[in-house]
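Visitor: Sharing a structure here in structure tokens format.
Each value in this text was obtained by applying a stated rule to the coordinates, not by laboratory testing. In this text, all values refer to a predicted model and were calculated from it rather than measured experimentally. Please note: Cβ atoms are built from the backbone with ideal geometry, for glycine as well, and neighbour counts cover all protein chains shown.
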Amino acid sequence: MSSVKLGVNIDHIATLRQARKETNPDPVEAAKVAISGGADIIVMHIRGDRRHIQETDLERVRKEVKCYMHLEMAATEEMRNIALKYMPDSVCIVPERPGEVTTEGGLNLKNKENIKEIEKTIKVLSDKGIEISLFLDPEPNDIRMAYKLKADTVEICTKKYAESWGRKNQAKELERIQLASYLVKELNMKLHAGHGLDYYNVRPIAKIEGMECLNIGFSIITRAIFVGLKDAVKQMKDIIIS
């Protein structure tokens, strides 16, 4: 049996709540149900535009839910301050562009200004004992830069894999991820993956040697509409550990 952990992203519970600016559905209750269904980690992405997760959600999850809390955020001063205020167990630094529907790919580590802010974020949060991962495309140069920046973890973006049509194209993207995973482990960093993973494409990613955690949100929340959140989480967990 595999030991791959499942991080359940509850952003879209908050998206539904924000559609009406109501109190329900409550992301905190969702976090509790996800844990009861087998989630190992609760994932939340607080964006600059606050389209879903709010600071009150972070505060309440930290206080009311016994869980490992993983925060996705941009490398900005505002987000650094939020992380220091609510002290998640770990943070994943992700790219963020105004108007995007969802994260569109890995961090741009060719931009010197980006690197400067990422380096500062890693230093500030690491000094407080918060583990840091970088959300990256499966590119060797980006992974080597993550190592130089002293990130603890690389979360490989599986967007292209998830969106590939046909066995040949999907196999090509899976190979890219597998090769990237070897480099991550060679550099003695932790290996995570996520983005676009669902009940039909997740198994090959879960079986990659050295894979430690998969962070999944949208597909779990959409299935929960039909089967309930606890069962949706349990079904995903059963797939990735089988």
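Visitor: May I ask you to list the aspartates and glutamates whose Cα is less than 19 Å away from that of K66, ignoring any residue fewer than eight positions away on the same chain?
Guide: K66 reaches D11, D26, E29, D40, E55, D57, D89, E131.
Visitor: Holding the Cα-Cα limit at 23 Å, pick out from K5/K234; K85/K112; K5/K185 the pairs that are longer than that.
Guide: Result: K85/K112 exceed 23 Å.
Visitor: While we're looking at this one, here's another question. Which of the helices in the chain meet the span-like rule: DSSP H, Cα axial reach of 27 Å or more, Kyte-Doolittle mean at least 1.0?
Guide: Correct list, ordered by number: empty.
Visitor: If the chain between A171 and Q54 were fully stretched, how many nm would it gain, using 0.36 nm times the residue separation less the Cα-Cα distance? Display every interim value, and only then the final one.
Guide: Values: separation 117, 0.36 × 117 = 42.12 nm, distance 3.82 nm.
Length gained, A171 through Q54: 38.3 nm.
Visitor: Go ahead and estimate [θ] at 222 nm for the chain from helices alone: -39,500 (n - 2.57) per DSSP H run with n ≥ 4, summed, over the residue count, rounded to 500.
Guide: -14500 deg cm²/dmol
Visitor: Now a separate question. Which whole-angstrom value gives the distance between the alpha carbon centres of the stretch 170-242 and the stretch 68-95?
Guide: Each part's Cα centre sits 22 Å from the other's.
Visitor: Right, another one. Measuring from a point 7 Å past the Cα of S242 along Cα-to-C-beta, which residues in the stretch 38-66 have an amide N at less than 19 Å?
Guide: So the set is 38-40.
Visitor: Here's another thing I want to ask about it. Exceeding 26 Å between C-alpha atoms, which entries from my cross-link table qualify? They are K123/K190; K116/K172; K116/K237; K21/K123; K168/K207.
Guide: K116/K172; K116/K237; K21/K123
Visitor: Taking 0.36 nm per residue of sequence separation and subtracting the Cα-Cα distance, how much length would be gained by fully extending the chain between E64 and Y199, in nm to one decimal? Write down the numbers at each step before the final one.
Guide: On the way: separation 135, 0.36 × 135 = 48.60 nm, distance 2.94 nm.
Gain on stretching E64 to Y199: 45.7 nm.
Visitor: Pick from L214, L174, L84: which residue has the top mean-square fluctuation in a GNM of the chain where Cα pairs under 10 Å get a spring?
Guide: L84
Visitor: Relative to the present Cα-Cα distance, how much length would full extension add between L179 and K120 at 0.36 nm per residue of separation?
Guide: Value of the extension gain: 18.4 nm.
Visitor: Given a cut-off of 30 Å, what percent of all Cα-Cα pairs of the stretch 5-241 lie beyond it?
Guide: Numbers: 5614 of 27966 pairs.
Tail of the P(r) past 30 Å holds 20 percent of the pairs.
Visitor: Rank V154, A39, M236 by how far each Cα sits towards the positive end of the charge dipole of the stretch 5-241 (+1 on Lys, Arg Cβ; -1 on Asp, Glu Cβ) and give me just the farthest.
Guide: Toward the positive end, the furthest listed residue is M236.
Visitor: So how strong a dipole does the stretch 87-242 carry about its Cα centre when Lys and Arg Cβ are +1 and Asp and Glu Cβ are -1, to the nearest 20 debye?
Guide: 220
Visitor: Between F135, F218, F226, find the one with the highest GNM mean-square fluctuation for the chain; connect C-alpha pairs within less than 10 Å.
Guide: Answer for the Gaussian network model of the chain: F226.
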